[in-house]
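Report on the structure given below.
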Amino acid sequence: MTERILLVEDEEDLRMTLSDRLKAEGYALETAVDGEDGLRKAVEEAYDLIILDVMLPKKNGFDVCRDIRKAGIVTPIVMLTARGQLVDKVLGLKIGADDYLTKPFEVLELLARIEAHIRRGATSAKDAEVLQFGPIRIDLKGTTVFRNSKAVPLSAREFRLLRYFAQNPGTTLSREVLLKEVWGYSEDTFTRTVDVHVGSLRQKLEKDPKQPAMIITVPGLGYKFVLNAVL
Ligand code: CA
């Protein structure tokens, strides 16, 4: 799978140079030209890494970083600071940035940092304890679910159903399969139970429960958990 990077940088030359280079390295790239645009993209879509300049129009990089973390998004963030902004580095790490690079930097140095952070992310995803889907964060170990950093109270069954969906994204799951995997039943007599619980999850997690974007109905077949659903 191609790793996705969000680059938030207002200097056009640097944005172009980095975009071209990162694309050439095989990353899928999205760019933003100011802080507000960057924050919106970071919250609405899932990325493997975010490169965030500090000095940005509309909203500075520190505020963007803080708001990304406030939204419960745990994607690694590499901040780009200007030479001599030592205080800024400390502040950046304090508000949830994972790394920083001082301008001007060698592109190779940035590539090495990106690779290290993405690899670290991928390693932890294998025995993932936290799954993040836009504003929804599922803490598997703590069995807690957050929407925009606010805890969403779920029953144990709802949690297990959501966890099963989230661990099988993009797959059409029949009611029978869900009953078997989540409830442990093998008969197909209680399929309505699945509908009730899916309805309840939608009420709690979807932006518009009547027009679900995350857990969608596949007519005649069952349900599908959509990755990168904009919620
Ligand atoms: Ca800048």
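The values are calculated or read from the model by the stated rules, or taken from the named source; none is laboratory data. The model shown is predicted, which means the values in this text are computed figures rather than measured ones. Virtual Cβ from ideal backbone geometry, glycine too; neighbours counted across all protein chains shown. All accessible areas refer to the heavy atoms of the entire protein, side chains included, with ligands and DNA or RNA removed. Shrake-Rupley method; radii C 1.70, N 1.55, O 1.52, S 1.80 Å.
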**OP:** Residues that are within 26 Å of ALA166 (Cβ to Cβ): find the helices (runs of 4 or more DSSP H) completely inside the range 1-89 holding 2 or more of those.
**Re:** 35-44, 61-70
**OP:** Inspect all residues belonging to the range 29-48 and state whether any of them is of a type in the set (Asp, Glu), in contact with a Gly (Cβ under 6 Å, 6 or more places away or on another chain) and open to solvent by less than 60 Å² (accessible area, probe 1.4 Å).
**Re:** no
Original post:
ILE118 passes all but one of (1) open to solvent by 40 Å² or more (accessible area, probe 1.4 Å); (2) in a helix (DSSP H, G or I); (3) aliphatic (A, V, I, L, M); (4) at pLDDT below 85; which number fails?
Top reply: (1)
Subject >> Matching option when the condition is modelled with pLDDT of 90 or more, in a helix (DSSP H, G or I) and either in the same structural domain as ARG40 (by TED's automatic domain parsing) or closer than 30 Å to LEU14 by Cα (or both), among LEU111, LEU161, LEU201 >> reply: LEU111
